[in-house]
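The values are calculated or read from the model by the stated rules, or taken from the named source; none is laboratory data. Being a predicted model, the structure only gives us computed values, none of them experimental. Here Cβ is always computed from backbone atoms with ideal geometry, including for glycine, and neighbour counts include all displayed protein chains.
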Amino acid sequence: MWDARTGSQIGPALKHESAVYGAVFSKNESRILTWSSDKTVRLWDARTGNQLGPALKHEGAVFSAAFEKDESRILTWSKDNPAKLWDIAVDLDFPADQIKNWVRTVTGTELDVDSRQLKNIEPERWRRMKADYERVAFAHARVCKYRRANQWLLFHPQ
């Protein structure tokens, strides 16, 4: 990426195998969607320049792509294929500090940093962690902008 004011690159290049036909930022500018004559659409982390997930493939050059309003899906269209709708649902506004707690609650384990081994969580401690996660997840589900990707709503639709 380049800084147009200074003419200097400000991040890694977002590479395709051939000509890039277009690009667009997500609404919050955290992701970039690009499409190319290499028959792919790619989603990038705007901060790091890392590709997010695998390339979305078509049979022909991709002419354009667009995010759905809530950015949980991408619509693409190409020369040789019909339009395709891709589900990329991610609950982007789930509190990041709770992800570790979610993993511990789901697996019943945690990483012992010193030994680099997974350890089982004692049952009483696990129940407290689970209750804490459920309280946060329930509260978040009520205000979540990415409802189709919200894990709590997937398992507790009512």
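Once the range 87-116 is narrowed to residues that are of a type in the set (A, V, I, L, M, F, W, C), loosely packed, with under 15 Cβ neighbours inside 10 Å and at pLDDT 80 or above, the residue that is nearest to SER36 (Cα to Cα) is ILE99.
With respect to the conditions (1) more than 18 Å from TYR146 (Cα to Cα); (2) touching a residue at least 24 places away in the same chain (Cβ under 8 Å); (3) under 13 Å from the mean Cα position of the chain (by Cα), HIS58 falls short on a single one, namely (3). Scanning the range 1-39 for residues that are in contact with a Pro (Cβ under 8 Å, 6 or more places away or on another chain) and either modelled with pLDDT of 90 or more or not in a loop (DSSP other than H, G, I, E, B) (or both) yields a total of 0.
I'd like the residue in the range 33-55 that is among the hydrophobic types (A, V, I, L, M, F, W, C) and surrounded by fewer than 19 Cβ atoms within 10 Å (Cβ to Cβ) and, out of all such residues, is nearest to the chain's Cα centre (by Cα). So that I can check it myself, show each step before the final result.
As a first pass, look at the range 33-55 and keep what is among the hydrophobic types (A, V, I, L, M, F, W, C): 33, 35, 41, 43-44, 46, 52, 55.
Next, from what is left, pick out any that are surrounded by fewer than 19 Cβ atoms within 10 Å (Cβ to Cβ): 46, 52, 55.
Values: ALA46: 12, LEU52: 7, ALA55: 13 Å.
Only one residue fits best here, namely LEU52.
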